[in-house]
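Asker: Once you've had a glance at the structure underneath, I'll fire off some questions.
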Amino acid sequence: MLHDTESIRTPEQQLTRTVFTPELSELPAIFQNDFLQGFIKHPERFPIGVKRLRFWERSKIEFRNATDIGFSFFSEEYQKPGDIIEVTITSKNEINYFLGKVVLVMGSKKGYEIGMMLLNIEDGPRLRIVEQICHIELYLSDKRYKEGPFLSKEKLTEEWIERFAGNFPVR
């Protein structure tokens, strides 16, 4: 009788997932990534550039020791699983490039949560440092907005490290 039953769902309902996460008071929600556990999650409010590499661009790049380090980010543009992409993260003094292979794409009302695996083993520790800098910069911005612009950058950085660095994903 199941073949007679028809599912009536709108596209919005199909993309919505209900997930129950534990209450972690000391762990910022930005670190929590329900479907990509263990991936380093990029904060949505921090700008990121994504470029899909074409065949002729991929053939020029040498991949050295693909890693098991995952990275996830939000994008308004769809990325096909299996594609090789270049992610650009700009900090105050430099531009960081990371190559990865898209392993997961999850749709939502606003866009897509993209999960990728890094292709070069030396990018893993560098990505972790760059992502911590992104999170610290947002923390500084939020604290200064809430408590005033004259707060010490060094003290706020130390505070973030004490509170959150231990919970930051290692891989």
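Asker: So, in region 86-109, of the ones that are closer than 24 Å to Ser141 by Cα and either touching a Leu at 6+ places or on another chain (Cβ under 6 Å) or among the charged types (D, E, K, R) (or both), which residue ends up modelled with the lowest pLDDT?
Answerer: This residue is Lys92.
Asker: Residues Glu162, Glu154, Glu158: which one is closer than 29 Å to Met116 by Cα, part of a helix (DSSP H, G or I) and either at pLDDT 85 or above or in contact with a Gly (Cβ under 9 Å, 6 or more places away or on another chain) (or both)?
Answerer: Values: Glu154 fails: closer than 29 Å to Met116 by Cα; Glu158 fails: closer than 29 Å to Met116 by Cα.
Result of the check over Glu162, Glu154, Glu158: Glu162.
Let's see how each residue does on (1) free of Cβ contacts under 8 Å to residues at least 60 places away in the same chain; (2) surrounded by 16 or more Cβ atoms within 10 Å (Cβ to Cβ):
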{"position": "Ser91", "(1), (2)": "yes, no"}
{"position": "Ile95", "(1), (2)": "yes, no"}
{"position": "Lys109", "(1), (2)": "no, no"}
{"position": "Gly115", "(1), (2)": "no, yes"}
{"position": "Leu119", "(1), (2)": "yes, yes"}
{"position": "Ile136", "(1), (2)": "yes, yes"}
{"position": "Lys155", "(1), (2)": "yes, no"}
{"position": "Glu162", "(1), (2)": "yes, no"}
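Asker: Another question, then. Tally time: how many residues in region 121-134 are surrounded by 14 or more Cβ atoms within 10 Å (Cβ to Cβ) and part of a loop (DSSP other than H, G, I, E, B)?
Answerer: 1
The values are calculated or read from the model by the stated rules, or taken from the named source; none is laboratory data. What you see is a predicted model, and the numbers here were worked out from it, not measured in a lab. So basically every Cβ, Gly included, is an ideal-geometry build from the backbone, and we count neighbours across all protein chains shown.
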